[in-house]
Structure formats: C-alpha cells, structure tokens
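Q: To start, I am sharing the structure in question, which I have written as structure tokens.
We did not get these values from a lab; they are worked out from the coordinates using the rules stated. The structure presented is a predicted model; accordingly, all values stated were derived computationally and were not measured. With ideal geometry, Cβ positions are generated from the backbone for all residues, glycine too; neighbour counts draw on all protein chains shown.
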Amino acid sequence: MKTIIANWKMNPATLKEALKLTHELSRKPRLSTVEVVVCPPFPYIEAISGHWPSFKTGAQDVFWETEGAYTGEVSPTMLKSMGVRRVLVGHSERRMFLGETDEMVNKKVRATLRTGLRVVLCVGEPKHVRREGIEAARAYVRAQLHSALKTLFPRSVTRRSLTIAYEPIWALSTSKNPRVDTPDDAAEMIQFIKHIVSKTLYKFTPEVLYGGSVNASNAANFLERPEIDGALVGGASLRAGEFQKIIDIAVRLGK
Ligand code: PGA
C-alpha cells in the first residue's frame, strides 16, 4: 500500500479556500488501498479534521516541548489532541528559511515519537552537493539521518512510527528541471536510505516517500518503483482534481 501526503505549506490563503479544497477532496470515500494524509497550516487543522473522514490529518511542523512559555510554537500533545496522526519534521524550507538545525530536528523527532505521533522525517541534499556526485549526496543524506535519529532508543522507533521523505532540494517546487521526471535518482537514494536505516540504525526497513514536484503527469514514474513507498506532494496537492489523480495512481500501483 502506498502513502500519499499532501503538504499544503502556507496555502491556501484563507480558511474559506481551505474548506473549499477540503470539500472537493472529500467527495471520494475512504480507500483502504492507499493512505492519504493532508498537512494543512496549523490554523486550518481543526476545520479540516472535522470535515474529513476520507483522509487523515497531518501537521507540517511541531515544537519539542509539551507546554510552556514558547511563543508561537505548537506542541506534539496539542497536535495529538486535535486528531493529527503524522507530523512532518525537518522540511528543507524550515531548515532554509527558519534556521532549523539538525539538533532542532532531532529534538522534534524525539518529542513527536514520545507523544505517540508518527514522524515523517524530511531529508535531501541541495543542488551544489548533488553536482559533486552521488557519493557526496549520499554522505549528506546519511549525515542528516544520523543526526536526526541520534540518541533515540531503538525500541521507541518502529516501522509504523518513522517514515522518511526523500526530498532533494533541487527538485522541489519546479516543473522545469528535467531530472525531476526521471525517477532513477530518487529510487537509487531511497534504496540507500532504506539500507542505512535498516543496517546501521534499526532492525526494520522504513517506509520512504519521494517528494519534489510530484504531479499527476509524473507520479506513476515514481510510484511504479517498488522501493518508493509513496509521495509527499506540495504544489499539486492544492489542486483537488490533480491530487485525486495522484491518489488514483497510488491505488493502482500500490496493490
Ligand atoms: P512540491 O513540494 O511538490 O511543490 O515540490 C513538495 C514538498 O516540499 O514537500
């Protein structure tokens, strides 16, 4: 079974538009052959959860403390109490625009797992690293995995609680980059991530999703690969018709 996660990022602009998108997407019944999770901006979570029996609700970020004087932050406990199931941690846009460090990512992973929520840990190399070649890209991703998952008791991490999203930064939010439509790089790195996690960190092979300009036209190229367990979809998840097509492709290829 494939997993499709929508990352709405800081979209749509108003609650009214978010509800419209929700209604469009929730016309289809819940499917047991694909797991669909939608990660809206925090202020829309309650409205989305209440209206959305066909999909699970996720969050785009989290803080590492349970409660306290941390202006503007949202705790894993709060998210759990609102019906959130999965939490994106370490997205490259947060690392890039908000100064999120490996240490912060590690704290967020630990706090999220402690609360019983499922982590979707985002990793991926920037363009200048990929230009140096596959070995440099691998070293970069391996270091991200090790620092995000360090000091976690192996027993507290299971295949169910930890998903990795491989999102090469050079492939995000673009339809221009021709490499995006060739899934070889993605499949190759995802295989490597599975190897690192199962051989050096834990005793299970994690679910690994691909993210980076996935849309209705290229989704099959990624999802037909057995090593790719699903997709983290940004821009295309904001168009109900297109997102539904990606879900249909995942159903077809996930059997
Ligand atoms: P994109 O975003 O599909 O718009 O490239 C994916 C992501 O950033 O999670």
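Q: Could you check which residue among 79, 98, 21 shows the biggest mean-square fluctuation in a GNM of the chain with a 10 Å Cα cutoff?
A: 98
Q: Using +1 on the beta carbon of Lys and Arg, -1 on that of Asp and Glu, and nothing else charged, what's the dipole of the stretch 167-239 about the Cα centre, debye to 20?
A: It comes to approximately 140 debye.
Q: Then there is this: Rounded to the nearest 20 debye, what is the charge dipole size of the chain about its Cα centre when +1 sits on each Lys and Arg Cβ and -1 on each Asp and Glu Cβ?
A: Computed about the Cα centre, the dipole is about 620 debye.
Q: Here is a further query. Run the simple label-point estimate for residue 217 and residue 13 please: 7 Å along Cα→C-beta, distance reported in nm.
A: Placing both labels 7 Å beyond Cα along the Cβ direction yields 2.6 nm.
Q: Sticking with this structure for a sec: List the lysines whose Cα lies under 29 Å from the Cα of residue 108, skipping any in the same chain that are fewer than 8 positions away.
A: Straight-line reach from residue 108, under 29 Å: 2, 9, 56, 80, 127, 150, 194, 199, 203.
Q: Can I ask one more? Under the rule of -39500 (n - 2.57) per DSSP H run of 4 or more residues, summed and divided by the residues of the chain, what mean residue ellipticity at 222 nm is obtained, to the nearest 500 deg cm²/dmol?
A: After summing the helix terms and dividing by residue count, I get -11000 deg cm²/dmol.
Q: Among 114, 160, which comes first, second and so on when ranked by fewest other beta-carbon atoms within 10 Å? Present the calculation step by step, with values, prior to reporting the outcome.
A: Details: 114 14, 160 10.
Fewest to most other Cβ atoms nearby, the residues stand as 160, 114.
Q: Top mean-square fluctuation among 99, 235, 212, Gaussian network model of the chain, C-alpha springs under 10 Å?
A: 99
Q: Further, regarding this structure: Of 102, 184, 229, how do they rank once you tally other Cβ atoms within 10 Å and put the fewest first?
A: By the 10 Å Cβ count, ascending, the order reads 184, 102, 229.
Q: For the chain, set up a Gaussian network in which alpha carbons nearer than 10 Å are linked by springs, and say which option among 209, 19, 223 fluctuates the most.
A: Top of the fluctuation ranking is 19.
Q: Next question. Over 26 Å apart: what share of the alpha carbon pairs of the chain falls there, rounded to a whole percent?
A: Counting every Cα pair in the chain, those more than 26 Å apart make up 35 percent.
Q: Something else: Give me the net charge for the shell around residue 245: Cβ to Cβ below 12 angstrom, other residues only, Lys and Arg +1, Asp and Glu -1.
A: Once all neighbours under 12 Å are counted, the net charge is +1.
Q: Something else about it: I'd like to know which of 151, 141, 69 lies farthest towards the positive end of the charge dipole of the chain, counting +1 on Cβ of Lys and Arg and -1 on Cβ of Asp and Glu.
A: The Cα lying farthest towards the positive end belongs to 151.
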